[in-house]
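Have a look at the structure below, then the notes.
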Amino acid sequence: MVVEEDQKKDLKVAPHLKEVHLHPKHFYKMNVQGAMAILNHDTTAAIKYYITKEKIGLEHLTTAWFLELVYKWYIIMSSRVTKHGLSKNNVTEFTDTTTFLEDFMKIIVNIHIVESGYWKPVQTGI
């Protein structure tokens with residue numbers, strides 16, 4: 001939905017997001033750059049923007065929430081600096097980050113990705 005709406009505009013809300021990211025071919029599914037185009041703060045902002053403009057439905061807020069959650073997790077896990085909270089230099093930030101990570105694990109383990117409730121590969125290793 002966001003990609004289609006963005007294609008109608010000269011100034012794009014999510015310029016990094018392309019159709020190939022949403023419907024990748026076999027090997028492109030393993031491309032980190034493609035995943036990061038979707039799991040990006042800008043994608044979340046674009047979804048929220050188009051909801052406020054009534055271009056897409058309110059039910060897409062769930063997707064925005066999930067993308068935001070995964071993006072925050074990715075930033076924490078891939079960070080090479082202590083700024084993102086995995087350092088005890090700032091105890092408050094450390095506590096907030098570890099609380100977020102614990103909550104994130106609970107969400108991923110308990111999430112029902114499909115109606116039948118089968119365990120999905122994304123939930124492995126948590």
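The values are calculated or read from the model by the stated rules, or taken from the named source; none is laboratory data. Predicted model only: the values in this text are computed from it and were never measured. Please note: Cβ atoms are built from the backbone with ideal geometry, for glycine as well, and neighbour counts cover all protein chains shown.
Among the residues of segment 85-107 satisfying the criterion of being under 16 Å from residue 73 (Cβ atoms) and not in a helix (DSSP H, G or I), which is modelled with the lowest pLDDT?
85
Quick one: which residue in 64, 14 is crowded, with 16+ Cβ neighbours inside 10 Å, in contact with a helix residue (DSSP H, G or I) (Cβ under 8 Å, 6 or more places away or on another chain), at pLDDT 70 or above and more than 24 Å from residue 107 (Cα to Cα)? Reasoning before the result, please.
Working: 64 fails: more than 24 Å from residue 107 (Cα to Cα).
Being crowded, with 16+ Cβ neighbours inside 10 Å, in contact with a helix residue (DSSP H, G or I) (Cβ under 8 Å, 6 or more places away or on another chain), at pLDDT 70 or above and more than 24 Å from residue 107 (Cα to Cα) holds for just one of 64, 14, which is 14.
Within segment 50-69, restricting attention to residues that are part of a helix (DSSP H, G or I) and β-branched (Val, Ile, Thr), which residue is farthest from residue 14 (Cα to Cα)?
The first filter runs over segment 50-69 and keeps only residues part of a helix (DSSP H, G or I), leaving 50-52, 58-69.
If we keep only those that are β-branched (Val, Ile, Thr) as well, we get 51-52, 62-63.
Values: 51: 14, 52: 15, 62: 18, 63: 15 Å.
The extreme case among them is 62.
With respect to residue 72, is the statement that it is surrounded by 11 or more Cβ atoms within 10 Å (Cβ to Cβ) and either at pLDDT 80 or above or at positive phi (or both) true?
yes
Among the listed residues 19, 59, identify the single one that is among the charged types (D, E, K, R) and modelled with pLDDT of 85 or more. Give the steps one after another, and end with the answer.
Details: 19 fails: modelled with pLDDT of 85 or more.
Residue meeting the stated conditions: 59.
Give the residues of segment 70-82 that are closer than 15 Å to residue 36 by Cβ and either assigned to a helix (DSSP H, G or I) or touching a strand residue (DSSP E or B) at 6+ places or on another chain (Cβ under 8 Å) (or both), sorted by residue number. Outline the logic, then answer.
Quick first cut of segment 70-82, residues closer than 15 Å to residue 36 by Cβ only: 70-79.
If the condition is that a residue be closer than 15 Å to residue 36 by Cβ and either assigned to a helix (DSSP H, G or I) or touching a strand residue (DSSP E or B) at 6+ places or on another chain (Cβ under 8 Å) (or both), then 70, 71, 72, 73, 74, 75, 76, 77, 78 are the ones that fit.
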